[in-house]
Every structure is written in C-alpha cells, then in structure tokens.
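A.B. asks: Here's a structure for you.
Throughout, read-outs are computed from the coordinates displayed, never taken from laboratory work. Nothing here was measured: the structure is a model prediction, and the numbers come from that model. All Cβ positions, glycine included, derive from the backbone under ideal geometry; neighbour counts span all protein chains shown.
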Amino acid sequence: MKKILVIEDDFDVRENIVELLKSENFEVLVADNGRIGVEAAREHLPDVIICDMAMPELNGIAVLKLLKISNATLRIPFIFLTANADRNKVMEGISGGAVDYLVKPFNAERLLSAINRVLK
Amino acid sequence: MNKIETLHKQLYTQNKIHFENTLKSDSKHIELMVYDNTYWDELVTFVKNPKKDWAYNNLYPTLMSAQLDYEWVLDGNLNTLITIKRDKGIVLDTLPINKNIILEYYKNKKYFNKFFIDTKEGLLELFTGPIQSSQDSERKTLPHGLLIAGRFWDYEYINSLTEQTGSEIFITNHSESIDLSQFDNTFYTVARIPLKDINGITLRNLYGITSISIVDNLINGYNFQLFLTILFSIITLLTTAYFLYYNVSKPLNTLSNAIEKESTEKLVNFSTKTSEFNKLSSLISSFFEQKAVLVNEIEKRKAISDALKESENRYRNLINNLKEVVFQTNNDGIWTFLNPAWTEITSFSIEESVGINYLDFVHPDDRGKNNQLFKPLIKREKDFCRHIIRYLVKGGGYKWIEVHARLIVNEKNHVLGITGTLIDVHDKYIAEEALKIKDKALFYSNNGVLIVDAKAPNKPVIYANPAFTKITEYSPDEILGKNPRFLHSDDNEQVELDIIRSAIANNDKCEVVLRNYTKSGKIYYNELKISPVYGNDNKVSHFIGIQSDVTNRIFSEREIKKSLEKEKELNELKSRFISMISHEFRTPLTTIFSSTELIERYGKSWDESKTQTHLSRIKKSSENLTEMLNYILNVNRAESGKIESVLSEINLTEFCESIIEDYQLNSGENYNIIFMNNIINKSIFKLDEKLLGQIISNLLSNAIKYSPNGGDVIFELSEAEPYIVIQIKDFGIGIPAEEQDGIFEMFTRAKNVGNINGTGLGLAIIKKTLEVMNGNIFLDSKLGEGTTFTIQIPVI
C-alpha cells in the first residue's frame, strides 16, 4: 500500500481528503501544520506528499524547501493544494520542485489521477 | 665782338624763353579753363545725372570760347558720359586714347595731364582735369569724374601760334630735321619744344625760328619802354622839386629876407613864415612818423594776419577732427557747412549733403516734430534749442541724434542762418529704451526679484520689486541694505541653505525650493533661482534672486504624493484582501464539494452517523460562506456609511454570556475566556443587538486569534453613565506602538501578525459601527504582552 502524507490545517478539508484516500486504499498520514508535516515526512518517508499552500507558521513553499534540502525527502513527489489561482504563486510552487498542484475546490477524480500519475 | 653779335646772343636766350613762354601761356589758358571748369558743382551734378541739354547749354559754349575742338566728360569709372565737338555739338565720337593708361594716372591721383596724340584728323593736344565740387578747394576728395579737353594742332592753330610768337613754326616727326635754307643770310634763333604723348614719349618736335628783323623790332620795343621809364622819372622829379620849392625853399627864402630887413612887419611875417616853416618841418616829421607808423601798421597787420591764419588752421583741424557734427545752414535751412563727422555718422558725404535742405536728412516721421522744436528758435523766443530726433543714414536706417542749434545773427541783428552741433546718441537712446522696457518687466513681474550687491560686505539687497513685497510682506525699506537671509528666519536646518551658500561662494547659479517666512511669520515655500552677474572687470558684481511662492504647488505635490502612496497601499491591501477572501471562500467550498463527492462515491456503504457527519460539515461550511458574504456586505456598508441602527431592549449580561459561551466552545482547551460582570442592577438596555453582537464577536475572535499559544481572555462588562463599557483583554502578540493609531484603518494589519489570517477589516468595521451607535473604542496594547480593547456605547 502506498503511503500518502497530507499536510492541511483546515479540519474539514483534511478529514475529507483523508477519507477519500483511505477509501481508495492508501495508507494516510496527517499533519495539521507544516512543521509537523516536515517531521512526519522525514520519519515515515511517504510515497507522495499532498500539502496545502496557505498555512500559519510554515506555509507550503517553506515546507517544500525544507523537504528539498534533506536527502531523504527530496525525491518524494510533492503535490500542493491552493485556494489561490494566482499564476505567480503556482509558478513559485512548481519552480520549488512540486510535481503538480490542485486548485480548491478540486474534485476527487482530479486528486486521485494526480496521485496515480506520480506513483507510476 | 661786334655789337650786333652781343645783342644777338642776349636776344637768342630771350627769344627762346619768349617763344617757350608764349607757347606755355597759350596752353595755359586751356589748362586754367580745365582747372576751373572741373571745379564746378553743376558739372558734378551732371556726372551724377547726365542730361544732354545741360551739357549742350553749358559745355558747348565754353568749348567754343576757349577755342577747343573736343570736350569729353567721364564718370568715376572713366566711362564716357558725353562727347562735344566744335561746330557739331553732342557727338558719339569715342575717346581716342587707351582708357587703361588714364585709369593708371587716375588711380595714382595724377588728375591733371597734358599730352598729344595722333588721330585721323591730325595732332590732338589733350588736357585732363578731375571733376570735383567747389567746396573741395584742396582737391582732397575722390573726383566724381574726369573732364578732357582737346585741341587740334591744325593749320589754323599753327598760324595763330606764328602770329603770337613772331616766329616761323615747324612741326616735324621725332627723327626729322628741318630745312633752314630759307633763313640763310639772316640772323635767326632756333627753339625746339618736344610734343610728348601720354607715356611721355616725344611724338613730334616743334621748332620756332625767329629772325633778326624781328629782333630789331624788339629792340625798338625795349627802347620805347626805356623812354617811358625816363619820362616818368622826369615827371616824378619835377613834381618833387616843385613840392620842395614851394614848401621848403620858398618859405626859407622869405624867412632869410625877413631877417635881413628887420621890420616888425616882417617879424610878424617872419613868425608867420616860421609857422609855415614849422608847418613844413612838422609836415616832414609827421611824414616820417606816418611812414614809421605805416610800416609798423603793415608789420602788425602782417603779424595779425599770420596769427589769424594759424588760429584758423587750428580751428579747422579741431572742427574736422571732432566726433560731433558742426553744422551751419542758411535762412532756408540749406546746409552750408558740415564737418567730416557728418559723414562718419550718416555715411552721406559732405558734397552730397551741402546745398541740400537739412530736413531731407531728418527721418520723415520726425520732420514735423523737428519743425515744432525749431519754431521758438526761428521766432527768436529762445536763443538756442536742443532736442533729440532721428537723422537718416545713407543706405537705409536712422540714428538718434541730439541737436544743439543756435541762430547766426549779423551786426544788424538779421538772421543769417542756424549753426550748432549734432551728437550721435543712438546707442545710448536704444539702450535706454531697452532698459525702460526691462525695468517695466521687472516691476510687473509676478516673481519676486531681489538684486544683491556682491561686492559690499554682508551682500546687501539693493533692489526689490513689488512682487517681492507682495510675497514676503516686507516693504522695500525693510529689505534694502540687509542681507536676505532673514527670510528663512530660524529655520536653519534646511539643506537648501547650504546649497545657496556654496553657490554664492563659488559665484555659481543655483535653484532650490526652501522654506521662507513672511513678515507676519507665515511660512511659504520659495522656489528660488540665484544667478551671478559679472561686471566689466569680469568679477561678480551682483547676484539676482528670482522667487516664486510655490507653497500651493508643494502642498499639492505632497497631497498627491500622499494620496498616491495611500492609493498604492490601498491597492496592495485590496489585492491581499481579495486573495484572502478568495481563500476564505474556497476553503468552505472545498469542504462542501469534497463532502458531497464522498457521499456520492462511497455514501451507499456508510452508516447513518458518517453520512450525518458529512451533512453537518456541508451545512457548517455553507454557514461559513454565508457569514463571509455578510461580512463582505458589512465591509461595503461600513465603507459607504450605510450601517443602520435598530434598537431593541436586550438583557446585556445574558447577551454577552451567550456569545462568550459559543467562543469558548469553539476555541477549545487552550483558551480561557473569563467573564467579569460589573453590572449590579438589572442589565436591560436599549441597544442594537445585531451590531453589538458583531462587535463583541469580532473582538473576542481577535483576542483568541492573536493569542496563538492559547491563554486567558478577560471579558469585563461595566456601566458608566451614560455608557455601557465592555473591555476585552488578551495576553497575545500585542500591537506595536507605532501602528496603534492606524490599526482602525481599512485593510490595515499590524506587521507582527506573521502567519495569522485576517482581513484587516474587523476593527475598521467595529469603529464605523460604533460611530453609528455614537460609541467609542479605545486601545491599549504592548508588543508581546497583549492588547485591551475598550468600547463605550451610550444607552438611554
């Protein structure tokens, strides 16, 4: 079973993602802020990381940077979720090393196909 | 040697001389005629404007009377203007000589020439003379043209020569000799005169042979003269003798007789005779006296005349060298005298001006004025007049001339004309006009102008225009003599002052905007331009300062800058707000969407509780969305001032408690909201429930949000007539001191919020809401320690 780490601060959004992924037979790890998320990534070395961009304390870009400087985590595919469709922000994420992104609200198909693509 | 031979020798020389002289005098009269006629104003006029009629009426008669055969008049470039011939009048015959050679002489100022040329019609003797005006007695100016007179040495002329000289005349070519055989057996003398051409080369030889028979006549002639001389002497002698006898010897005789006879009669007679003698002797002595006096007189007169001549020369030199024009006109206003300064100033030559009415040289627009100014002089009401008018300049244009004029009056007090001086004041006049205009410009300028003396110590103001007084309220008296630094009062810190000081020290110009103060102490912004002015010694003599009051402009600029900055800020905040709103919308939407999808995908296999969970989530998120929308509407209402207050009676204590409960529930364990109720009595007040609820909720929400590590929040409710007072205190991040004033502005968030979400609108909406409720809000906060908000709302 593939391991997916979900880093998202909003309770409801996070819960729904977790439920979706579990229903699709993924092992799901959660973190409700960026710092915990980075620690969890280092510790559990998931196969994919799904991360929200706008979070207090450590936002998605910062998390991505931290992951990329560590040998262990830099190759883990990073998909980010954003409420902001701003092109610049998106480019920031992609140039930071993210492999894909999803704009909220996204549909389940979209999320699942993004993950599956990455896992191939 | 025999007598005749001696005589012959003497007479040979005399003869030769006589022959030559005769010939000379014969041509002399023509030379004189040419000299005179070329010194002739009317001929000058003719050269300028050749009129055939004048030439025929004036030149032809002189040709005939002088027994000339030809006359040519040439202009200044030696082009033939007219040819006149004896018996024919005006003809078209060309000048039979090489013009270039004449031109040579002309250029070298050799105007008077006499030479012979060979023509088809015979040997022609030519005389040339320059055509000048009668004024030019010294022949100093360039001639207007050339007059050439010509005379043929034909048979007729030679005959007349023979008669005049009394000799036989022969003319041969240069190398030929004459046949003197006819003069054998007579005594004769030969005189030879070469006739030269224009280059000085002998063209012909003129021989004059005089024989003795003629010499006899000459002797007789001389004898006759001798006879006359002797006769005259005898007469003189006799007259003198008679005079002497009558006046000297006769009285002497009478006197001696009287002495001899010794009679009283005779004594009386004697005394009479003595008196006669006395008369004679006094006559003689007075005669000698008079002679001495006469001689004296003559010498004196000569001395005076010499002195006069010298002084006349001196005066003439003086007048000719003067820069000012010295003039004379006659009674009709015709120039009769002008010195060379006239030509210097007007470029008209003296010749073309003298003889013309002076008014012709005055600018047409000034002629009337000039006559007006001359009237008192003419009418003899004033002795002299002085005015400035325009005189024309040759070739176009004019000059301003200062005229000083006086009447010329003779002993009988008759007016002979006008005399005076003309001075060229053109440059000065023009400069003065320009100066007047510039002065006016300065006077009426809206810019304040100061002129400062750069050379005086302390650099005082020497001129201030009216605009300066208008701007600064200082009158000229209050500024003149002072250095303008008092204008910036004690506002000394301005960097512009250094710029000014440096520029003045380096004799540079500068442009600054600085703060100045009017006399009444009012500040104004002075846009000041300073320029140095150099004197004739190439050193800075003055500084000119031009000021304008740009206070309005500066303030407007500042306002604009401020608004631009504010606008920029606002725009930034707005875009942040919008992205924030976007986020706030998308988050609940995501939940609604995902929950709905999950129900769709997996809902069939769920139990009841799971489905309920999701349905609740959907509901809650929808409520959040609605709240957000309302929030935005509130923002809009607050911004456009459309908040309305609806009063109702509420139990304030219960109202606050219920809201606090809600927040406590939602915020979890980390937070502890403490309610302190200080209202002792019944807590029923007439208030707008909705608005109050929004305010309290927002403040509580902030208190919790900005205490990220949890902690206490104290909610204190009090009554202080006429207000109810609510105080919400947190121990969170606090607000930096410098941002506390602006924290109530729209879209404003303190810089220390870090990652904490917020729209920057809550406090702004609260403030606006309170305004509607006639309430107040106060803030007390310390960075890192916490914040206390206190609101007051009046209640009835």
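A.B. asks: Per residue of A:74-86, what is the mean number of Cβ atoms on other protein chains within 10 angstrom of that residue's Cβ?
C.D. replies: Partner Cβ neighbours, averaged per residue: 2.
A.B. asks: Long-range amide H contacts for B:ILE388: which residues qualify at under 5 Å (H placed 1.01 Å from N, peptide plane, sequence gap of 5 or more or a different chain)?
C.D. replies: Sorted by chain and number, the residues that satisfy this are B:VAL403.
A.B. asks: Continuing with this model, one more query. Cut-off under 25 Å on the C-alpha distance; same-chain residues fewer than 8 positions from B:LYS375 excluded. Which lysines are left, in chain and number order?
C.D. replies: Hits, sequence-local ones excluded: B:LYS399, B:LYS412.
A.B. asks: On a 0 to 90° scale, report how tilted helix B:762-772 is relative to the longest principal axis of chain B, with both axes built from alpha carbons and the result rounded to the nearest 10.
C.D. replies: Relative to chain B, helix B:762-772 is tipped by roughly 90 degrees.
A.B. asks: Also, quick follow-up: Could the peptides A:41-50, B:61-70, B:108-117 be put in order, highest first, of the mean number of other beta-carbon atoms found within 10 Å of their residues?
C.D. replies: Ranked from most to least packed, the peptides come out as A:41-50, B:61-70, B:108-117.
A.B. asks: While we're on this one: Mind listing the long-range amide H neighbours of B:VAL713? Cut-off is under 5 Å, sequence gap 5 or more, other chains count too, H placed in the peptide plane at 1.01 Å from N.
C.D. replies: B:ASN672, B:ILE673, B:ILE674
A.B. asks: Note down the net charge around B:ILE117, summing +1 for each Lys or Arg and -1 for each Asp or Glu among other residues with Cβ under 12 Å from its Cβ.
C.D. replies: That works out to +1.
A.B. asks: If you count, for each residue, the other Cβ atoms within 10 Å and average over each peptide, how do B:658-671, A:3-16 line up from highest to lowest?
C.D. replies: So the order, starting with the most tightly packed, is A:3-16, B:658-671.
A.B. asks: Per-residue mean of other chain beta-carbon atoms within 10 angstrom of the beta-carbon, peptide A:105-111?
C.D. replies: Across the residues of A:105-111, the mean count of other-chain Cβ atoms within 10 Å is 5.
A.B. asks: Within 12 Å, Cβ to Cβ, of B:PRO588, how many net charges do the neighbouring residues add up to if Lys/Arg are +1 and Asp/Glu are -1?
C.D. replies: 0
A.B. asks: Show the residues, 5+ positions off or on another chain, whose built amide H is closer than 5 Å to the amide H of A:ALA54.
C.D. replies: Residues meeting the criterion, in which the H sits 1.01 Å from N, are A:GLY60, A:ALA83.
A.B. asks: Calculate the length of the line joining the C-alpha centroid of segment B:649-718 to that of segment B:497-517, in whole Å.
C.D. replies: If we compute the Cα centre of each part, the gap is 63 Å.
A.B. asks: Hey, another quick one. Could you compute the net charge surrounding A:ASN116? Neighbours are other residues with a C-beta less than 14 Å from the C-beta of A:ASN116; K and R count +1, D and E count -1.
C.D. replies: 0
A.B. asks: While we're here: Take peptides B:680-689, B:604-613 and line them up by average Cβ neighbours within 10 Å, highest first, as a rough protection proxy.
C.D. replies: Per-residue mean Cβ counts within 10 Å order the peptides as B:680-689, B:604-613.
A.B. asks: What is the mean number of Cβ atoms from other protein chains located within 10 Å of the Cβ atom of each residue in peptide B:576-589, rounded to a whole number?
C.D. replies: Partner Cβ neighbours, averaged per residue: 4.
A.B. asks: Add -39500 (n - 2.57) for each DSSP H run of 4 or more in chain B, then divide by its residues: what number comes out at 222 nm, to the nearest 500 deg cm²/dmol?
C.D. replies: Mean residue ellipticity at 222 nm (helix-derived): -16000 deg cm²/dmol.
A.B. asks: Next question, about the same structure. Can you work out the Karplus-derived ³J(HN,Hα) for every residue in segment B:615-629? Use 6.51 cos²θ - 1.76 cosθ + 1.60 with θ = phi - 60°, whole Hz, and x for glycine or proline.
C.D. replies: Going residue by residue, I get 4, 5, 4, 4, 4, 4, 5, 4, 4, 4, 4, 4, 4, 4, 4 Hz, with x marking Gly and Pro.
A.B. asks: Could you sort out which of B:LYS459/B:LYS561; B:LYS107/B:LYS394; B:LYS562/B:LYS782; B:LYS438/B:LYS561 sit more than 30 Å apart by Cα distance in this structure?
C.D. replies: The answer is B:LYS459/B:LYS561; B:LYS438/B:LYS561.
A.B. asks: Explain nothing, just compute: Karplus ³J(HN,Hα) = 6.51 cos²θ - 1.76 cosθ + 1.60, θ = phi - 60°, for every residue of segment B:45-51 in order, whole Hz, x for Gly and Pro.
C.D. replies: Result, rounded to whole Hz: 4, 4, 4, 6, 9, x, 10.
A.B. asks: If you don't mind, there's one more thing I want to ask. With the cut-off at 20 Å, tell me which of the pairs A:LYS89/A:LYS120; A:LYS2/B:LYS604; A:LYS68/B:LYS705; B:LYS99/B:LYS196 have Cα atoms farther apart than that.
C.D. replies: A:LYS89/A:LYS120; A:LYS2/B:LYS604; A:LYS68/B:LYS705
A.B. asks: Same structure again: Taking a ≥ b ≥ c as the square roots of the Cα gyration tensor eigenvalues, with a/c under 1.5 meaning rounded and otherwise prolate when a/b beats b/c, else oblate, which class fits segment B:19-156?
C.D. replies: Here segment B:19-156 falls in the rounded category.
A.B. asks: Just to check I understand the Karplus step: with θ = phi - 60° and J = 6.51 cos²θ - 1.76 cosθ + 1.60, what whole-Hz values come out for segment B:356-373, glycine and proline as x?
C.D. replies: 9, 5, 4, 4, 4, 9, 8, 3, x, 5, 9, 4, x, 4, 4, 4, 4, 5
A.B. asks: Let me ask you something else. Could you check the spin-label model distance between A:SER23 and B:GLU644? Points 7 Å from the Cα along Cα→Cβ, value in nm.
C.D. replies: With each label placed 7 Å out from Cα toward Cβ, I get 4.6 nm.
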